Amino acid sequence: MPDLSGRGLSQSLIFGKFREGAFAMITAEPKDQSSIFVPIAQARKSLLPALVLALCLAGVGRLSAGPQFTVIDLGPSDPSPSEAIFISADGQILGDSYQGGTNYLWLWQNGVRAVINSKDGVGAEVNRAGNVVASELGGYYMDGYGDFVPYDRAYLWSQGNVTRLGTLGGRASTAKSINNSNIIVGVADDALQIRQPFIWQNGVMSALAFRSSSNSSWDSVSPMRIIDDGRIFGVGTLTGAVHAIQLAPSKDGIYDLSDLGALPGIGLSGSLNAFNQFGLACGEGEFSPPLRVEAFLLKGGTATLLGNLGSDGSYGSGLNDFGDIVGESNSRSYRAFLWRDGVMYDLNSCIDTNSGWVLVNANSINNAGQIVGHGMVGGSHHAFLLQPVSGADGGFWLSLRPASAAGQWVLTLTRQLGTHVGFELSADLVQWTPISYQTNNDGYLVDTGPVADPRFFRALVKP
């Protein structure tokens with residue numbers, strides 16, 4: 001089994017390095033957590049003109065106006081309906097299949113689908129190491145009406161081995177998220193059968209202690225995502241209203257709670273479904289007039305309603321660090337959508353119209369623009385992966401070539417990001433110097449003047 005101690009470094013920067021003609025990958029931790037780093041190109045000067053670094057599967061073609069994708073069929077590998085529910089930053093996919101009244105989980109890695117041994121499992125996330133957190137049927141208890149009610153137990157699946165996480169002294173537990181240091185968060189019952197937030201690390205589950213600087217009385221705090229710097233995002237109830245929250249770790253082991261805003265909509269009908277590392281969240285709520293359910297983006301306490309694909313109904317399921325949101329919306333029937341830069345796209349219009357697919361719902365999107373979900377093909381329910389087409393407004397690739405003027409280079413991303421993007425240079429990967437740039441039809445024109453030996457380039461994108 002891999003090291004599950006939780007002591008590993010957060011490794012979320014990807015460097016491409018040319019060394020004696022060979023391409024190697026190294027990782028390092030970003031110092032500025034206010035930015036997300038998309039492909040970083042590094043090379044000896046003599047090799048810079050030939051450098052093309054692809055984050056996904058292909059190189060960069062021309063920039064196009066709209067998103068285009070290739071559909072990859074993920075199954076089922078048996079007659080049961082199948083759905084992909086989460087995709088990691090590096091393209092590992094967690095999914096489930098339903099057969100004979102039981103839900104089975106599976107992991108898709110490098111084109112191979114492996115069954116996860118669980119009992120009626122409910123999947124949550126998979127990290128870079130391929131470690132999966134989920135919940136399985138733990139048993140049944142009798143409620144006050146004499147009915148038998150099922151309950152879940154959280155577990156970690158790693159390379160075929162299952163580690164059951166336990167509870168906080170009570171009956172049930174549910175895993176919600178895992179980061180790349182194998183730290184897990186979720187909710188669990190205490191000895192009084194009251195559900196509490198938990199954190200699991202070094203093989204031990206403990207209650208997640210938090211405080212609020214505003215001295216507000218928060219109830220029902222539930223973690224939803226933990227990122228590599230240790231911050232946790234989730235929801236909490238304050239004076240009867242549901243809010244998005246951030247829990248930041250402190251030196252004394254207690255998490256500081258910050259209010260990210262109340263969920264929009266009528267009453268308590270809204271729900272949050274996903275966070276990115278900047279605390280942006282997506283979900284859906286009930287609104288009027290007219291009375292409808294509509295997906296939203298919550299950023300800085302302000303909600304942006306996303307609209308729909310033709311009738312009153314949309315649901316926001318997943319988002320990435322660039323604020324792209326995926327989900328499903330009503331048209332004549334449910335259709336998967338991508339919302340990007342204020343525009344909602346029917347994903348069925350973003351694939352080959354002769355593919356035979358009807359994309360019903362999209363559940364997750366990563367920073368490479370890869371999307372997973374569920375659709376219909378050949379009369380069956382199948383899981384899908386949407387792979388951005390090279391040169392289309394989909395994922396993020398970076399290419400680098402010399403400009404006509406000395407000391408200038410043209411950097412091209414597959415999406416022009418305007419003021420959201422910045423570039424830096426370094427001679428040693430320690431000291432980074434911001435550089436000015438201009439945009440044109442080819443991409444971004446950057447000047448290497450501030451650094452004497454500019455061997456390293458990186459692109460930063462802010463939400």
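Close contacts from region 99-119, counting a first residue that is buried (at least 17 other Cβ atoms within 10 Å of the Cβ) and a second that is modelled with pLDDT of 85 or more and part of a loop (DSSP other than H, G, I, E, B), with Cβ to Cβ under 8 Å and a gap of 6+ residues or different chains, come to L107/Q92; L107/G130; W108/L74; W108/Q92; R113/L74. Between I254, I232, I245, the distinction of being among the hydrophobic types (A, V, I, L, M, F, W, C), in contact with a Ser or Thr (Cβ under 9 Å, 6 or more places away or on another chain) and under 13 Å from S212 (Cα atoms) belongs to I245 only.
The numbered conditions (1) crowded, with 21+ Cβ neighbours inside 10 Å; (2) on the phi > 0 side of the Ramachandran plot; (3) at pLDDT below 95 are all true for S135 except (2). On the stretch given as region 102-130, residues that are assigned to a strand (DSSP E or B) and not aliphatic (A, V, I, L, M) total 9.
Within region 279-292, which residues are touching a strand residue (DSSP E or B) at 6+ places or on another chain (Cβ under 8 Å) and either among the polar types (S, T, N, Q) or touching a residue at least 24 places away in the same chain (Cβ under 8 Å) (or both)? Listed by number, the residues that qualify are G279, L280, A281, C282, G283, E284.
Only one of the listed residues (I245, I199) is farther than 28 Å from G285 by Cα and not in a loop (DSSP other than H, G, I, E, B). That residue is I199. R211 meets the conditions (1) part of a strand (DSSP E or B); (2) at pLDDT 95 or above in every case but one. The failed one is (2). Of all the numbered requirements in (1) part of a strand (DSSP E or B); (2) surrounded by fewer than 16 Cβ atoms within 10 Å (Cβ to Cβ), G267 misses one, and that requirement is (1).
The values are calculated or read from the model by the stated rules, or taken from the named source; none is laboratory data. All values reported here derive from a predicted model rather than from experimental measurement. We place every Cβ from the backbone using ideal geometry, glycine too, and count neighbours over all the protein chains shown.
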